[in-house]
Amino acid sequence: MSDRRALEIRGLRKTYDSGVEALRGIDLEVEEGAFFGLLGPNGAGKSTTIGILTSLIRKTAGSVSVFGMDLDRDPLGVKRAIGVVPQEVNFNLFERPEQILVQQAGYYGVPARVARRRALESLEAMGLMDKKDQPSRGLSGGMKRRLMIARALVHQPRLLILDEPTAGVDIELRRTTWAMLEDINRSGVTIILTTHYLEEAETLCERIGIIDEGRLLLNRETQSLLAELAVETFVLDPVDALAEVPHLEGFETRRNSRGSIEVDLPRGQNLDRVFEQLADQGLRIRSMRNKANRLEELFVRLTESERAATDLTSQAV
């Protein structure tokens, strides 16, 4: 990893006309080549931060620099350096994938001939070449996700921002997306990922920043942060009704009132062994989610620490 900064934010503030203070003086650095996770509950300020980086939202105060380019002095340079994958599908479903990518490249001033070549290269990389001339409405959910990533990369940005890229998708698609993102990062693209899934951040991100109520509570190495937590509970929804609770060696399991499997995952372990044992027993899983997860535990702990520090400061004054 380079020691050059892909992103440097200083004192970033945003107060909306309604009076809501969305960002309250954020300082953040992301090194070039990093895979960085920005985590936080709904309304924490993640989307506002992304909106400012992409010039969709005007900041109230502070500075933003992307690969040394100041957002105020060189907004076009910053825009060219960033690719964004939003949470929701937002391309024209009646256009062909190739057409969508060529148009996107054109927005960044890429000549038509070069744009078409890059579009085809991106479609090939995402496994969508055989779909390039079909209306996008016919793509599966996973293919639409891949097309959105291809669109974000077609102008060859150096920083890729992904906003909840696997929200609501099934386990197989989520893991396929993870592998794809790891390949993109290895190619030299810096990635900033916002997510509600701590396992996703744990799998992909070298560092994690946690934001809440417009403040950045921490920015630490992922493994150092997660070492403080003991157990995470996952809820697995089986495709077929369970006759009995499956026995999983090394894991505490139980069935809840809705017929789902609850698995306690000890610190330092991932879900691979869980799914291997389930597969050996012929059990198929439709979806997965966290239950009172470690991320929530972190939020509670950090928020309580922040409030305690604020109270001490107030008392001292």
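The values are calculated or read from the model by the stated rules, or taken from the named source; none is laboratory data. Source: prediction; values computed, not measured. Cβ atoms come from the backbone with ideal geometry, glycine included; neighbour counts cover every protein chain shown. Side chains are part of the model used for accessible areas, which takes the heavy atoms of the whole protein and leaves out ligands, DNA and RNA. Shrake-Rupley method; radii C 1.70, N 1.55, O 1.52, S 1.80 Å.
Any idea which residue in segment 251-273 is nearest to L236 (Cα to Cα), counting only those that are out of contact with any Leu (no Cβ under 9 Å at 6 or more places or on another chain) and in contact (Cβ under 8 Å) with a residue 24 or more places away in the chain? For segment 251-273, the residue satisfying everything is D264. Taken over segment 202-219, the residue count meeting the criterion of being modelled with pLDDT of 90 or more, open to solvent by 20 Å² or more (accessible area, probe 1.4 Å) and in a strand (DSSP E or B) is 4. Between D272, D212, D264, the distinction of being more than 25 Å from P41 (Cα to Cα) and among the acidic types (D, E) belongs to D272 only.
Test of understanding: among D272, D237, which residue is open to solvent by less than 40 Å² (accessible area, probe 1.4 Å) and under 28 Å from L39 (Cα atoms)?
Details: D272 fails: open to solvent by less than 40 Å² (accessible area, probe 1.4 Å).
Just a single option satisfies the conditions, and that option is D237.
Residues in segment 85-99 that are open to solvent by 50 Å² or more (accessible area, probe 1.4 Å) and not in a loop (DSSP other than H, G, I, E, B): how many? Total satisfying the criteria: 1.
Can you pull out every residue in segment 1-46 that is under 21 Å from the mean Cα position of the chain (by Cα), among the hydrophobic types (A, V, I, L, M, F, W, C) and surrounded by fewer than 14 Cβ atoms within 10 Å (Cβ to Cβ)?
Result: M1, single match.
With respect to R158, determine if the residue is in contact with a Phe, Trp or Tyr (Cβ under 8 Å, 6 or more places away or on another chain), open to solvent by 30 Å² or more (accessible area, probe 1.4 Å) and of a type in the set (K, R). Judged against the criteria, R158 is a match. Scanning segment 242-271 for residues that are of a type in the set (V, I, T) and closer than 26 Å to T203 by Cβ yields T253, I261, V263.
Within segment 168-176, does at least one residue satisfy the condition of being of a type in the set (S, T, Y) and either buried (at least 18 other Cβ atoms within 10 Å of the Cβ) or free of Cβ contacts under 8 Å to residues at least 12 places away in the same chain (or both)? No, segment 168-176 contains no residue that is of a type in the set (S, T, Y) and either buried (at least 18 other Cβ atoms within 10 Å of the Cβ) or free of Cβ contacts under 8 Å to residues at least 12 places away in the same chain (or both).
Which of the residues that make up segment 47-66 are farther than 18 Å from I82 by Cβ and open to solvent by less than 50 Å² (accessible area, probe 1.4 Å)?
First, the residues of segment 47-66 that are farther than 18 Å from I82 by Cβ: 60-61.
Answer for segment 47-66, where residues must be farther than 18 Å from I82 by Cβ and open to solvent by less than 50 Å² (accessible area, probe 1.4 Å): just A61.
Does segment 206-244 hold any residues that are of a type in the set (S, T, N, Q), touching a residue at least 12 places away in the same chain (Cβ under 8 Å) and closer than 19 Å to W178 by Cβ, and which are they?
Hit for segment 206-244 is T222, nothing else.
So which pairs qualify, if the first residue must be in segment 7-20 and at positive phi, the second must be among the hydrophobic types (A, V, I, L, M, F, W, C) and surrounded by 11 or more Cβ atoms within 10 Å (Cβ to Cβ), the Cβ gap must be under 8 Å, and the two must be at least 6 apart or on different chains? Every condition considered, the pairs that remain are G11/I26; G11/A61.
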